[in-house]
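The values are calculated or read from the model by the stated rules, or taken from the named source; none is laboratory data. These numbers were taken from a predicted model, which means no experiment stands behind them. Backbone-built Cβ (ideal geometry, glycine too); neighbour counts: all protein chains shown. Remember, those area values only see protein heavy atoms, side chains included, never the ligands or the DNA or RNA. Shrake-Rupley method; radii C 1.70, N 1.55, O 1.52, S 1.80 Å.
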Amino acid sequence: MMNLSDEEKRMLNGVRGDAARKAMELLIAVGECFGAERMLPIASAHLVAATPTTAGKGGVSFIMDMKDRGGSFKIPVTTNPNCLEPWQWSDMGFEESLYRENERLTRALVEMGAYSTQTCTPYLIGHAPHYRQSLAWGESSAVVYSNSVLGSRTNREGGPTALAGAITGLTPEYGLHLDEYRKPTVKFVLDTDLKSDYEYALAGYYVGKIAGDRVPLIVGLNKGVANDSLKCFGAAAAVSGSVALFHVSDVTPEAMAGNITANTRFSDSDSFRIGKAELKAMEHICSHTTVNNADLVILGCPHASIEQIRVYAKHFIGKKIKSNVTFWVLSSHVVKRYAEDLGYARVLAEAGVRLVSNTCPASMPQNFFASKGYSCVATNSTKLAYYASTRQGVAAYCGSLESILTHSVKA
Ligand code: F3S
């Protein structure tokens, strides 16, 4: 049995309303299943199932039911990408019925108190938790980033538990909320330089494949590694395995504070190297065709930062995309607005690149790409390549930004 505070007991008895009572029942059931002794107050929740395609019929009913029971959010709550682009949906070929269904759900969440961020990178737009702060976040790429790069603490929450956390401001204390589960248990020594987001994504994919749900320690990364590169690395490790936390010696906050160094010892069976051969092997797994077949190019998985958009825009000054290629850059509407203010969006638009906000292929309807006549996606993201082939029904080319640009831009 979990030890509950007086306030938590009152919530369980319905003093804070029926939705909070139901949410408490759910969190207690989960906590008892994982042997949690108590609840933890959380600073924020990130809802992964916040659009009809990812929530499913059952998830939408659950959210609506909680709202009808008077549910409201006690803490800051952000939401993951939508099933469609809220401003360009018609132009991009999404169904009006889906738009209406999505609007209904979005409105309900906003009325409950959500910041409808509709992005997998809420930490880029003012929702970055601080070191050791407890959270209830869903979305594997956001979870691994917040645990690893920011040093905050969250398990990989599903739709119902994140919603229950949002309503109660609580999460059961188990798993990655506890020090003992945050220690590295498998080590990867890098013996090649990672020079681009693409190579970080390949390395992350390899780490995830080997590590599974363990906590990897990475040794040998450049101390000046950009946050965007760690974002790409983590997203890949979270999709090929289920890595929710990694440490990088001399880089990530817990490795620094906890004295986890390159010399921390592991058995031979828990020690791996990442060299050119391992990256090449991941390239073969993620890429199924040549770039020449790509009729849709997508960058920005995870959603692009303003720095990434700046770099993309620089490549496109004075250039034009080929008429047989559709080119999207995914981001949040906040970063898109920033890119408009700084002139990067104009450069991209003039080249024929569409800045697509608030959505992504993992949330779009299944086989949407195939239904729109696309046959092959090119991307520099191993995670996006995975979803293109498994969810969107098209072949995937996963390769360097340079190879993608060479293919896409008119000579
Ligand atoms: Fe984000 Fe979608 Fe990629 S949720 S990490 S843009 S597959």
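Summary table
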read-out	value
From the C-alpha gyration tensor of the stretch 271-411, square roots of 5λ in Å	24, 18, 16
Once exposed loop GluC sites (Glu not before Pro) are cut out (DSSP; at most 16 other Cβ, 10 Å), longest piece of the chain	96-411
Carbon + sulfur, % of accessible area of the stretch 1-156 - ligands and nucleic acids excluded, 1.4 Å	49 percent
Cut-off of 10 Å, at most 13 other beta carbons, DSSP loop: longest stretch of the chain lacking such chymotrypsin sites (Phe, Trp or Tyr not before Pro)	132-411
Calculated diffusion of the stretch 58-158, Stokes-Einstein form, Kirkwood radius summed over Cα pairs, 4 °C and 1.567 mPa s, µm²/s	87 µm²/s
Disulfide-incompatible cysteines by the Cβ rule (no partner under 4.7 Å) in the chain	CYS33, CYS83, CYS120, CYS232, CYS301, CYS360, CYS376
Rg/Rh (Cα only; Kirkwood hydrodynamic radius) as it applies to the chain	0.98
Accessible surface, per residue, of the stretch 1-139 when the full set of protein chains is kept, probe 1.4 Å, Å²	46 Å²
Residues of type lysines that LYS22 reaches as a straight line, Cα spacing below 29 Å, ignoring anything fewer than 8 places off in the same chain	LYS9, LYS57, LYS67, LYS74
Cα-based reach from LYS319 at 25 Å (exclusive), listing lysines while leaving out same-chain residues under 8 positions away	LYS195, LYS336, LYS410
Proximal aspartates and glutamates to LYS280, defined as alpha-carbon separation beneath 20 angstrom and excluding residues fewer than eight positions away on the same chain	ASP191, ASP193, ASP197, GLU199, GLU402
q = 0.15, 0.16, 0.27 Å⁻¹, the stretch 165-226: log10 I(q)/I(0) [Debye, one scatterer per Cα]	-0.63, -0.68, -1.16
In the stretch 321-411, the trypsin sites (Lys or Arg not before Pro) that fall in loop regions by DSSP, at most 16 other Cβ within 10 Å	LYS322, LYS372, LYS410
Euclidean distance of C-alpha centroids, the stretch 39-114 and the stretch 216-240, integer Å	29 Å
